[in-house]
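Undergrad: Would you mind keeping the following structure in view while I ask a few things?
The values are calculated or read from the model by the stated rules, or taken from the named source; none is laboratory data. Since the model is a prediction, treat every value here as computed from it, not as a measurement. Heads up, the Cβs are rebuilt from the backbone with ideal geometry, glycines too, and the neighbour counts pull from every protein chain shown.
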Amino acid sequence: MVFEQLIQSGAGRIPTRIDESRLTGSYNVEIPGSAIQPGVEMVVELDPGGVSLAPESQTRYPPEGAMALDVVEPPVYRIILAPTISRPAPDSAVFDWVDGVNPESEQMRLARTILPVGDMEVEVRETYTTSLDLRSFGNWWRWRNEMGVLYEQEGRRGYYYGVVSRNLLGVAGIANIGYPVSVGSDVDYVHTHEVGHTMNLYHAPCGGAGGPDPEYPYENGSIGVWGYDMAEGVLLDPERYADVMSYCFDNIWVSDYQFDRAMTHRLDGDGGINHEAEAAPPPGPDRGEMLVVWGGVWEGHLSLEPAFVLEGPVVLPESDGPYRVVGLGENGETRFSLSFSPIPLDHGGSSFVFFIPYRHEWADNLERMVLAGPEGEYALTRDGEPEMAVLTDPVTGRLRAIVRDWDGGPLPGEESANVTVTRGIPAAGLR
């Protein structure tokens, strides 16, 4: 036996019907989480204490044996926060939100409470700098693309959340669906909402949230069933509380539908996260100089970001799809060709990032890259885009900053960083 609790009946009568709206309408006990483990069983016994029983009364549940509880243990939830500075509007207030954050911090309480999270690890990555003006909504999806590069380069170690000060509200946040990369402001419910998307959750239909889940079972984004806040010891009325994946933020919790969907996602591979990955992946045969090929679809248009070379692991499509990106030589010779399906975004559109092993002859003979899909084609050449500077740590090779439309001026932390420049297709590798 791992847990036993005696509940005194007191002076009140035993309720004869279910009333979920009142804790006083039932007998309740809080069972410590340490007792809820795979394989645990439960028995409830009633001692009538000499009180006459009505016909067919049952004083033991189940009548024989024990009821097995369906207990599953999700993988460790590792959230990696990437505080971001937007060069056009630098705001250091974001550091107040990430400073000293840990699994017990208030910033993490909502996510830990209402998402399928057991063991939790919180890391704060070194500051990332972007030249994108994050006061503009149109730049947020590109920032999310940059976070996708971090996630892949650093070994898919956990859920990545790029975070900026809430003062830069071009939009509250953007996330992939079912892929553990999102960006958003330093607001607890925004963080929880965006991470929910990466656990394969779509919007709940309330507050005008775009692209709502057509299978969501409750009207107006309601949580649908009574909730219980363990920290506050209060019941949460489904008539008053909306699902965290809606845009109705006055009273938020999570529906049973969304919780089950997120749990299924986490148990079914957790979006490809490598839970055993080290903080700084060591050099090895599966890492080296990679051509970063990245882009997506936004507002119905294809986009192929300027390619660059970065130290990292091989990242290639897991299956074919309706999109293809091709690297071509001067006379149309194929240098590489990848068929794939991009990963959807919560605001519509999609994204992708691949790390292709870089061949040094490409410095001379990779002339064009073409992205093709149902929306048409988009091409990159060696000098068709404004200069983009990429800054990396000289020791670890980790990405520190991307400066688009670089005019040759000072770069953030350039005195202690390696800098490479691209105008579409890189003219050289790292060495």
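Undergrad: For region 297-336, enumerate the residues that are surrounded by 18 or more Cβ atoms within 10 Å (Cβ to Cβ) and in a loop (DSSP other than H, G, I, E, B).
TA: The answer is 305, 306, 307.
Undergrad: Looking at 92, 165, which one is touching a strand residue (DSSP E or B) at 6+ places or on another chain (Cβ under 8 Å), touching a residue at least 60 places away in the same chain (Cβ under 8 Å), surrounded by 22 or more Cβ atoms within 10 Å (Cβ to Cβ) and more than 20 Å from residue 342 (Cα to Cα)?
TA: Every option except 165 fails the conditions.
Undergrad: Something else now. Filter region 388-420 down to the residues that are part of a helix (DSSP H, G or I) and in contact (Cβ under 8 Å) with a residue 12 or more places away in the chain and list them by number.
TA: Residues satisfying the conditions are 414, 416.
Undergrad: Follow-up. Consider residue 125 carefully, then state whether it is over 22 Å from residue 299 (Cα atoms), modelled with pLDDT under 95, in the same structural domain as residue 241 (by TED's automatic domain parsing) and basic (Lys, Arg).
TA: It is false that residue 125 is over 22 Å from residue 299 (Cα atoms), modelled with pLDDT under 95, in the same structural domain as residue 241 (by TED's automatic domain parsing) and basic (Lys, Arg).
Undergrad: Could you list all residues from region 236-268 that are out of contact with any strand residue (DSSP E or B) (no Cβ under 7 Å at 6 or more places or on another chain) and either outside the structural domain of residue 222 (by TED's automatic domain parsing) or of a type in the set (A, V, I, L, M) (or both)?
TA: Within region 236-268, 262, 263, 267 qualify.
Undergrad: Given the criterion under 30 Å from residue 83 (Cβ atoms), β-branched (Val, Ile, Thr) and buried (at least 21 other Cβ atoms within 10 Å of the Cβ), identify the matching residue among 187, 195.
TA: The conditions single out 195.
Undergrad: Taking residue 47 as the residue in question, decide whether it is in contact (Cβ under 8 Å) with a residue 12 or more places away in the chain, exposed (fewer than 12 other Cβ atoms within 10 Å of the Cβ) and more than 30 Å from residue 180 (Cβ to Cβ).
TA: Yes; evaluated as a whole, the condition is true for this residue.
Undergrad: From 292, 297, 315, 309, grab the single residue that is of a type in the set (Val, Ile, Thr) and farther than 22 Å from residue 174 by Cβ.
TA: So the residue among 292, 297, 315, 309 that is of a type in the set (Val, Ile, Thr) and farther than 22 Å from residue 174 by Cβ is 309.
Undergrad: Please indicate, with yes or no, whether at least one residue in region 27-41 is hydroxyl-bearing (Ser, Thr, Tyr), outside the structural domain of residue 119 (by TED's automatic domain parsing) and either closer than 30 Å to residue 264 by Cα or in a strand (DSSP E or B) (or both).
TA: Yes; the residues of region 27-41 include at least one that is hydroxyl-bearing (Ser, Thr, Tyr), outside the structural domain of residue 119 (by TED's automatic domain parsing) and either closer than 30 Å to residue 264 by Cα or in a strand (DSSP E or B) (or both).
Undergrad: OK, next. Looking at 64, 56, 45 in this structure, which one is modelled with pLDDT under 95, out of contact with any helix residue (DSSP H, G or I) (no Cβ under 9 Å at 6 or more places or on another chain) and at positive phi?
TA: Exactly one residue qualifies, and that residue is 56.
Undergrad: Identify, by number, the condition in (1) small (Gly, Ala, Ser); (2) in contact (Cβ under 8 Å) with a residue 40 or more places away in the chain; (3) part of a loop (DSSP other than H, G, I, E, B) that residue 148 doesn't meet.
TA: Only one criterion is unmet by residue 148, namely (3).
Undergrad: If you scan region 95-122, which residues turn out to be part of a strand (DSSP E or B) and either assigned by TED's automatic domain parsing to the domain that holds residue 407 or charged (D, E, K, R) (or both)?
TA: 121
Undergrad: Counting only residues that are closer than 22 Å to residue 146 by Cβ, of a type in the set (Gly, Ala, Ser) and modelled with pLDDT of 95 or more, how many does region 316-348 have?
TA: Residues meeting the conditions: 2.
Undergrad: Hey, could you check region 201-216 for residues that are surrounded by fewer than 13 Cβ atoms within 10 Å (Cβ to Cβ) and modelled with pLDDT of 95 or more and say which is farthest from residue 172 (Cα to Cα)?
TA: Among those that are surrounded by fewer than 13 Cβ atoms within 10 Å (Cβ to Cβ) and modelled with pLDDT of 95 or more, it is 215.
Undergrad: For region 337-363, give me each residue that is polar (S, T, N, Q), exposed (fewer than 15 other Cβ atoms within 10 Å of the Cβ) and out of contact with any Lys or Arg (no Cβ under 6 Å at 6 or more places or on another chain).
TA: Within region 337-363, 337 is the sole residue that qualifies.
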